[in-house]
1. Checking the structure you have, find out if any residue of the stretch 191-201 is open to solvent by less than 70 Å² (accessible area, probe 1.4 Å), assigned to a strand (DSSP E or B), within 27 Å of GLY280 (Cβ to Cβ) and of a type in the set (Phe, Trp, Tyr).
2. Name the residue that is modelled with the highest pLDDT, counting only residues in the stretch 243-266 that are under 30 Å from LEU163 (Cα atoms) and open to solvent by 50 Å² or more (accessible area, probe 1.4 Å).
3. Restricting the search to the stretch 203-216, which residues are within 17 Å of GLY299 (Cα to Cα) and open to solvent by 20 Å² or more (accessible area, probe 1.4 Å)?
4. How do the strands (runs of 3 or more DSSP E) wholly within the stretch 1-69 filter down when requiring 3 or more residues that are touching a residue at least 60 places away in the same chain (Cβ under 8 Å): which remain?
5. Within the stretch 214-233, track down each residue that is under 31 Å from the mean Cα position of the chain (by Cα) and either within 19 Å of CYS278 (Cα to Cα) or part of a loop (DSSP other than H, G, I, E, B) (or both).
6. Right, LEU16: crowded, with 17+ Cβ neighbours inside 10 Å and modelled with pLDDT of 90 or more or not?
Amino acid sequence: RSLSATSRCTHKRSLLKIVVVRPSGGPCTNAVVSVQDDIGIKRFRSGDDGTVKTIVVGCDISVIVRGKGLQPTFKSVRLDDCKTGRENVVVKMNKRCNFKVYFAYNHAESSDVYGEGAHYQYEAVTDDSKYSTTTGAGLAFTYMDEPFCIYWEPNDADEDTSLKMEFKFSSAADPSLIHITRQGDGSAVVNVPPIIEDDYKFLICFNLWIDYDQTEIEYFTIYDDSGAVTVDNILEEDGNCVWLTDVLPYPTKTYLATVTFSYADSEYVDGNAYILDCNGKHVTVETPDETYHDYDEWGFLCFCPGAENVHGVKVLSASNMYIDS
């Protein structure tokens, strides 16, 4: 039997009760609730208990809720299986988005992928990573003038929180990772990784921005205790990413990796570096909380024998700094 012959909503009215809930879990009062059924659109205000009751006609009902300081929320309600003529719906509101994410693709084949979709997931967590305050996932696009927006409050509930974001692109096998603690001007720039056809030992990429403009790396250098190390034979570069196709010459030595930034003098650079190994494990490090001066080097990464992180790689969280060259 078809639904049209058995569903009550095809020939009778239904009572729809909408309960609007704030992000904290309490009732959302005085929210504007728009309900569209087969007759048209009706608008209501939620009461002190956050509820709205209305008679609707049809089986496919659309509900849009707007509340002060909250993100407008859409919910589709299907009444095909409602046999009693009474349906309860809960609409959980989220805080209005306040953090914009842009995408940048500065590789040779950018014209082939510009505008393609990117699957993303993000998590805003406390520094001790005990619980998540905000999570989300969806589809974003790589247009610089069309950022997508999320909610992130670094000091939510008197807790120092960080933002972790992971992006997977249809144009690249490797993800782009952000892990930051500073909100800055309320935006981030995500670098789309290049297509890497050969195997690598380590991939190092940079998501860097001043205001909402991408900052590019200029020089990538590896030092040992005697000075700069020549690694041209195992180093590849493309855009804001570099990768090592083999291990460093003396694995028992300690090496320091540094970069300089293009077009940045007396500027505050936001963002992070992330390091992926050949097994997909990763570590991240945020830029220093200080002003960058022209030709300074950012000492961000140690290749340390016996380090607990990824295959002897250790981010320099304790001594993360700009080095006056």
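The values are calculated or read from the model by the stated rules, or taken from the named source; none is laboratory data. None of the values given here were measured: they were computed from a predicted structure. Here the Cβ positions follow ideal geometry from the backbone for every residue, glycine too, while neighbour counts run over all protein chains shown. Side chains included, ligands, DNA and RNA excluded: accessible areas come from the protein's heavy atoms. Shrake-Rupley method; radii C 1.70, N 1.55, O 1.52, S 1.80 Å.
1. Within the stretch 191-201, not a single residue is open to solvent by less than 70 Å² (accessible area, probe 1.4 Å), assigned to a strand (DSSP E or B), within 27 Å of GLY280 (Cβ to Cβ) and of a type in the set (Phe, Trp, Tyr).
2. Taking the stretch 243-266 as the starting set, the residues that turn out to be under 30 Å from LEU163 (Cα atoms) are 243-244, 255-266.
Keeping just the survivors that are open to solvent by 50 Å² or more (accessible area, probe 1.4 Å) gives 256, 263, 265-266.
On the way: LEU256: 89, TYR263: 72, ASP265: 76, SER266: 79.
Among them, the one singled out is LEU256.
3. Scanning the stretch 203-216 gives a single hit, GLU216.
4. Qualifying strands (runs of 3 or more DSSP E): 14-21.
5. Listed by number, the residues that qualify are THR215, GLU216.
6. Working: crowded, with 17+ Cβ neighbours inside 10 Å: yes; modelled with pLDDT of 90 or more: yes.
So LEU16 passes the test.
One line per residue, one yes/no per condition, for (1) among the hydroxyl-bearing types (Ser, Thr, Tyr); (2) modelled with pLDDT of 85 or more; (3) in contact with a Phe, Trp or Tyr (Cβ under 8 Å, 6 or more places away or on another chain); (4) exposed (fewer than 15 other Cβ atoms within 10 Å of the Cβ):
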{"position": "TYR268", "(1), (2), (3), (4)": "yes, yes, yes, no"}
{"position": "GLU290", "(1), (2), (3), (4)": "no, yes, yes, yes"}
{"position": "ASP294", "(1), (2), (3), (4)": "no, no, no, yes"}
{"position": "GLU297", "(1), (2), (3), (4)": "no, yes, yes, no"}
{"position": "PHE300", "(1), (2), (3), (4)": "no, yes, no, no"}
{"position": "GLU308", "(1), (2), (3), (4)": "no, no, no, yes"}
